[in-house]
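The values are calculated or read from the model by the stated rules, or taken from the named source; none is laboratory data. No experiment lies behind these values; they were computed from the predicted model shown. Here the Cβ positions follow ideal geometry from the backbone for every residue, glycine too, while neighbour counts run over all protein chains shown. The protein model used for the area step is the full one, side chains on, heavy atoms only, and it has no ligands, DNA or RNA in it. Shrake-Rupley method; radii C 1.70, N 1.55, O 1.52, S 1.80 Å.
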Amino acid sequence: MSPTVFAQGHTPRIARTSARRSVIPGFGLTLGYTLLYLSLIVLIPLAGVFYKSAGLGLEGIWAIISTPRVLAALKLSFGAALIGATINAVFGTLIAWVFVRYTFPGKRFFDAIIDLPFALPTAVAGIALTALYAGNGWIGQYLEPLGIKVAYTPLGVIVACTFIGLPFVVRTVQPVLQDAEQELEEAAASLGANRWQTITRVILPTVLPAVLTGYALAFARAVGEYGSVIFIAGNLPMVSEIAPLLIIIKLEEFDYAGATAVATAMLILSFFLLLVINALQAWARRRHGGKP
Amino acid sequence: MNTVSDGLPQSPPPSPPGIQHHPAPLIERNSAITEPAWVRWSLILVALLFLLGFLLLPLVTVFVEALRNGWSAYLAALTEPDALAAIRLTLLTAAIAVTANLIFGLAAAWAIAKFEFRGKSLLITLIDLPFSVSPVVAGLIYILIFGAHGWAGPWLMDHGIKVAFAVPGIVLATIFVTFPFIARELIPLMQEQGTEYEQAALSLGASGWQTFWHVTLPNIRWGLLYGVLLCNARAMGEFGAVSVISGHIRGQTNTMPLHVEILYNEYQFSAAFAVASLLALLALLTLGVKAWLEWRHADQLAATRRH
């Protein structure tokens, strides 16, 4: 799984004349089918959400979103996703570094395990994390005496968000570190930079755009995450209730308008945040001239 | 010492005059681009502890909890009728969703990789869109259309077609969340391969279909398998979207992940973990095949992941 394919995948291609390209058949059929399928499965249904919420009007949407319970849920979803993505940005980069630069026993096994959150169904991850971090769990029993309660608290939501987002950062940073030219580090060292200076001024700027990309992807995934969160969250209204769960609760009450308003808020907020992070990424690339 | 230039990544800078050269012994020169052993091993330790706590232990927990009440309880949980129905529905849903997205992925990759047209990058972005939509919202959009109070729901129900709270809805929601997997794997791969082989085949008199079957498909088969693998893992494990639209009717609209949730909420923990362990085995199998593909056929996987 490569989360960066479209973000940065401008593969250099040999220029061909359009006349030679048109020899290949099937343009109308494949493009037509692609557009039809895309419209039927994704675009029209998604447009339906916006159409439905347009019917509510801005005041209508705001009236639903500004209730304390919805605000608390949105705050938790976005806050926990941000914290989780930040933890992943730090540890994911460290893990990518360790796997690219060092050798140690069991490396291949652990490298394969990193993709577990992509492959393990979220509901399974949810109940497993809950069992692990509950008061009597393998990890929870050591945290509880320290006064740290993870399961059934907002902290549990952060743990789930971290779990789900980890591979995005590692898999985005890893190839960039691999391609980074060690000659630059040698040059820096030979010019008198110590190791710390080389890391912060040579290596970090090179990988920063990749870290930000991974951060954005991990965040986007975590903010809408449902399966792995609801088991460990405890789902207390106002405390540990996430926004996607609130959508489901409203749907079960046949409150379609309320569910749509929350969904619209989530869609708009996450599109907006992704825009911001994309801009940050473009800035980092310009500023440091590092390879994406 | 503090004049290491910010411009370093772009070009080898001219030697700034202020830098002092420290003639260092050989061993230290070797360590100029690596860290002291204790730093290395502490970093490795931190990384592995993180992976242990967040990834490995949850995985082990699934199997330990599943076998807590012994093998017979484990097998009983897997062979009771509701569990079997859930397994059947999951297999059926994944088969349909993967096939649908496979056909779409091939068509989209063919159109995007082999031709130039306006709006291509927008199209690629739109194909990626389902990844940035919460699974719950993905379920919601189909409820708005096909639900009892939806736009098309009442009309379809009058004609005897049930989509929401039935298998078609589950399949639709699964197709939505797994939508980009195969396309995003094939597009960069086929873009990189260009059109030379196809042009050669066509100029030698092959038809379009023959070219596709005998030239294009063999060239992308491992990348295709990779996409199918990831698509299938997500399709079988999808929870949020399916949870919204399934209605949780036992034995009828319950997929394996939903069955896990129901058992868990009924405090049948070891039964829940038993069904979950099947899904965890699927995840392990997926990871295994994926690692093998990355190791053995790296040249045929999408360019950006090659490392």
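Numbers below:
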{"item": "Test result for A:THR213, in a helix (DSSP H, G or I), buried (at least 24 other Cβ atoms within 10 Å of the Cβ) and among the polar types (S, T, N, Q)", "result": "yes"}
{"item": "Segment A:165-197 - residue that is among the hydrophobic types (A, V, I, L, M, F, W, C) and not in a helix (DSSP H, G or I) and, of those, farthest from the other protein chains (Cβ to nearest Cβ)", "result": "A:ALA180"}
{"item": "Those residues of segment A:120-142 which are buried (at least 21 other Cβ atoms within 10 Å of the Cβ) and either more than 11 Å from every other protein chain (Cβ to nearest Cβ) or assigned to a helix (DSSP H, G or I) (or both), in sequence order", "result": "A:THR122, A:ALA123, A:VAL124, A:ALA125, A:GLY126, A:ILE127, A:ALA128, A:LEU129, A:THR130, A:ALA131, A:LEU132, A:TYR133"}
{"item": "Any chance A:LEU35 is within 30 Å of B:GLY205 (Cα to Cα), at the interface with chain B (Cβ under 7 Å from one of its Cβ atoms) and not hydroxyl-bearing (Ser, Thr, Tyr)", "result": "no"}
{"item": "Residue match in segment A:79-90 (condition: without any contact (Cβ under 8 Å) to a residue 12 or more places away in the chain and either farther than 20 Å from B:PRO135 by Cα or open to solvent by less than 10 Å² (accessible area, probe 1.4 Å) (or both))", "result": "yes"}
{"item": "Within segment B:57-83, tally of residues that are of a type in the set (A, V, I, L, M), touching a Leu at 6+ places or on another chain (Cβ under 8 Å) and without any contact (Cβ under 8 Å) to a residue 60 or more places away in the chain", "result": "1"}
{"item": "The one condition in (1) out of contact with any Lys or Arg (no Cβ under 8 Å at 6 or more places or on another chain); (2) closer than 24 Å to A:LEU280 by Cβ; (3) modelled with pLDDT of 90 or more; (4) open to solvent by 20 Å² or more (accessible area, probe 1.4 Å) that A:THR162 fails to fulfil", "result": "(4)"}
{"item": "Residue list for segment A:143-159, filter: on the phi > 0 side of the Ramachandran plot and either buried (at least 17 other Cβ atoms within 10 Å of the Cβ) or part of a helix (DSSP H, G or I) (or both)", "result": "A:TYR152"}
{"item": "Single unsatisfied condition, A:LYS291 versus (1) out of contact with any Leu (no Cβ under 9 Å at 6 or more places or on another chain); (2) at pLDDT 85 or above", "result": "(2)"}
{"item": "Hey, A:ALA257 part of a helix (DSSP H, G or I), in the same structural domain as A:TYR102 (by TED's automatic domain parsing) and within 18 Å of A:THR122 (Cβ to Cβ) or not", "result": "no"}
